[in-house]
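Read the structure below first, then the notes.
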Amino acid sequence: MSEHDYDLVVIGSGPGGQKAAIAGAKLGKRVAVVDRHDMVGGVCVNTGTIPSKTLREAVLYLTGMSQRELYGASYRVKQDITISDLNARTQHVIGREVQVVRAQLARNQVDLLTGTASFVDPHTIAVQGLNRGERHTVTTDKVVIATGTRPARPEQVDFDEARVLDSDEVLALDAIPSSLVVVGAGVIGIEYASMFAALGSRVTVVEQRERMLDFCDPEIVESLKFHLRDLAVTFRFGEKVVNVDVSENGTVTTLASGKRIPAAAVMYSAGRTGATDALALDKAGLSADKRGRLSVDEHYRTGVEHIYAVGDVIGFPALAATSMDQGRLAVYHAFGEPARELTALQPIGIYTIPEISYCGATEAELTSSAVPYEVGLARYRELARGAIVGDAYGMLKLLVSTEDRKLLGVHLFGTGATDLVHIGQAVMACGGTVDYLVDTVFNYPTLSEAYKVAALDATNKIRELGRFDT
Ligand SMILES: Cc1cc2nc3c(=O)[nH]c(=O)nc-3n(C[C@H](O)[C@H](O)[C@H](O)COP(=O)(O)OP(=O)(O)OC[C@H]3O[C@@H](n4cnc5c(N)ncnc54)[C@H](O)[C@@H]3O)c2cc1C
Ligand SMILES: NC(=O)c1ccc[n+]([C@@H]2O[C@H](COP(=O)([O-])OP(=O)(O)OC[C@H]3O[C@@H](n4cnc5c(N)ncnc54)[C@H](O)[C@@H]3O)[C@@H](O)[C@H]2O)c1
């Protein structure tokens, strides 16, 4: 047995840290996880994924938004929605998720050390509790850094936690703002923009680039923009926010072009910074880049052999889903447990209203690499389930190779998109062709039937093309 207190200390209890710790425990190792008392479960459970996705669900339910196709444009479940209506559901789910994380760690005999961790030397970690006196050190063979990120805050902007907020603080708003400026049209910005627009805020999104979500299918991003404009969202692309002034009357956001936008509140969602400054990385022989991020090799190992880093702190793709697997794989590698690498086929899910999801190649990628393909389309409005759930805008788009009929990409917009994508992902991962989807019987009426409709559309087009080849 090693002379250290633990075989593995994990810093951070978000998705990456949790799975790293449990993987270590399952290998029979002595494991501890360090995190602040109020952050068990990480950014994911406390300020990021879980609250934002629960808020979205509360917004959809209370506004009656997804039922208006059926009951009319004035349909609402609750007339005056308040922040406490929204918070009730969010706090309930956060509370449950924190309990799940604590219970899983406890039943796997993982020690939860409460406080902020920093390196004393490469094998020694100090844990500083809330009170000054509460500092103790632990020694360990291996370390996994899973400290995640925090919102990037430009220095010149005065964040006041009331009217000028970052995306972590937006959950603590005390009223739904009548108008809101969202700075940055990344995934976080657009998800919150669509929620506040659905709640009736007049939202202006300012994005310095000319486009948003440019990794997604452009046709689907166009559909989303159309929907958001319909909810009174204004887009200012190619515009940079340079300052925000706050007064008793509200806020004024100044753009580099000289435009000034008045609003009740401003939310910054202009990127995130790796949470590494409290770690005293130099004591471990490590350093972060200028965005606070750590670099790792293909096994998630930093430049120091026994120290690994996973999750958002290592950058792209910065998703809860990938962070979990990175945590597990880092620990398997650290303790010599054989494991397969993650597959390249990763799904993307964006929880806007309506939601977007895709997996595999985009049309732009196939075109630039000269891969011939055909598109198969299904529109929810032509599916019986689409009519039943009142989704007249949803669509599924399949990209199919015209050479070997393999499924190359699947792109979805509308109800259930983030779940439905996994059918296409499974077919692609098994190297399946469009014929599998044509030959398969789907339950009726379902949204999954969209796969059959789109597959038939693609094969009809490929057959049409075949007529010219003889
Ligand atoms: C608003 C928002 C919405 C999101 N929505 C989605 C989504 O829908 N789907 C998705 O897949 N991803 C989503 N993400 C991203 C997802 O939340 C992250 O990818 C995921 O949380 C990263 O996990 P992680 O393991 O890196 O740790 P994190 O969840 O970032 O947690 C890191 C933990 O480390 C702790 N920590 C930091 N420094 C120290 C220290 N020195 N000592 C001790 N502890 C420390 C922190 O307190 C924190 O608890 C969203 C993020 C945000 C902000
Ligand atoms: N559904 C999901 O999977 C999900 C949801 C939310 C967040 N996330 C993760 O969180 C990460 C961070 O998201 P994010 O949206 O904060 O960051 P981001 O870096 O993706 O987007 C920030 C945007 O702000 C713009 N910007 C920056 N400064 C600006 C300024 N002064 N004026 C105007 N525009 C400005 C940038 O051009 C960029 O487009 C993402 O990479 C994503 O992986 C995932």
| request: Given a cut-off of 30 Å, name the pairs among Lys78/Lys225; Lys53/Lys406; Lys225/Lys259; Lys26/Lys406 whose C-alpha atoms lie farther apart than that in the structure shown. | output: Lys53/Lys406; Lys26/Lys406
| request: Pick out, in residue order, every one of the GluC sites (Glu not before Pro) in the range 121-183 that is DSSP loop and has at most 13 other C-beta atoms within 10 Å; say none if there are none. | output: Glu134, Glu155, Glu161
| request: Excluding residues on the same chain fewer than 8 positions from Lys19, give the lysines whose Cα lies under 18 Å from its Cα. | output: Lys29, Lys142
| Going by the alpha-carbon gyration tensor, a ≥ b ≥ c the square roots of its eigenvalues, is the chain rounded (a/c under 1.5) or, if a/c is not under 1.5, prolate (a/b greater than b/c) versus oblate? | oblate
| remark: With the dipole of the chain defined by +1 on each Lys or Arg Cβ and -1 on each Asp or Glu Cβ, the option from Gly41, Ile356, Val100 whose Cα lies farthest towards the positive pole is Val100
| query | Where in the range 241-296 are there trypsin sites (Lys or Arg not before Pro) that are in a DSSP coil and have at most 14 other Cβ atoms within 10 angstrom of their Cβ? | reply | Lys259, Lys290, Arg291
| said: Check which residues have an amide H placed less than 5 Å from Val10's amide H, if you skip close sequence neighbours. | reply: Ala32, Val33, Val34, Val144
| note | Binned at 5 Å from zero, the C-alpha pair distances of the range 164-270 give percents of 3, 13, 25, 27, 19, 10, 3, 1, 0
| field | Calculated from backbone phi, Karplus (6.51, -1.76, 1.60) coupling profile of the range 330-343 in Hz, x at Gly/Pro | value | 4, 6, 4, 5, 4, 10, x, 7, x, 7, 8, 5, 5, 6
| query | Based on DSSP, what percent of beta bridges with both residues in the chain are antiparallel, to the nearest 5? | reply | 60 percent
| message | Can you compute the helix-only [θ] at 222 nm over the chain? Use -39500 (n - 2.57) per DSSP H run of at least 4 residues, normalise by all residues, nearest 500 deg cm²/dmol. | response | -10000 deg cm²/dmol
| Dipole size in debye (nearest 20) for the chain around its Cα centre, Lys and Arg Cβ +1, Asp and Glu Cβ -1? | 580 debye
| query | Once a ≥ b ≥ c are taken as the square roots of the eigenvalues of the Cα gyration tensor of the range 14-112, is the result rounded (a/c under 1.5), prolate (a/b larger than b/c) or oblate (a/b not larger than b/c)? | reply | prolate
| field | Shape category assigned to the range 273-323 from the gyration tensor of Cα positions, a/c cut at 1.5 | value | oblate
| query | Hey, rough spin-label estimate for Gln91 and Lys290, points 7 angstrom out along Cα→Cβ, what's it come to in nanometres? | reply | 4.2 nm
| note | The percentage of Cα-Cα pairs in the range 354-469 separated by more than 17 Å is 51 percent
| What is the distance, in nm, between label points placed 7 Å from the Cα along the Cα-to-Cβ direction at Glu464 and at Asp282? | 6.6 nm
| Which of the aspartates and glutamates could a cross-linker bridge to Lys461, judged by Cα under 15 Å and excluding same-chain residues fewer than eight apart? | Glu374, Glu403, Asp404, Asp435, Asp469
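Quick note: the coordinates plus some simple rules give every number you see, no bench work behind them. Just so you know, these numbers come straight off a predicted model, no measurement behind them. Note that each Cβ is placed from the backbone with ideal geometry, even for glycine, and that neighbours are counted across all protein chains shown.
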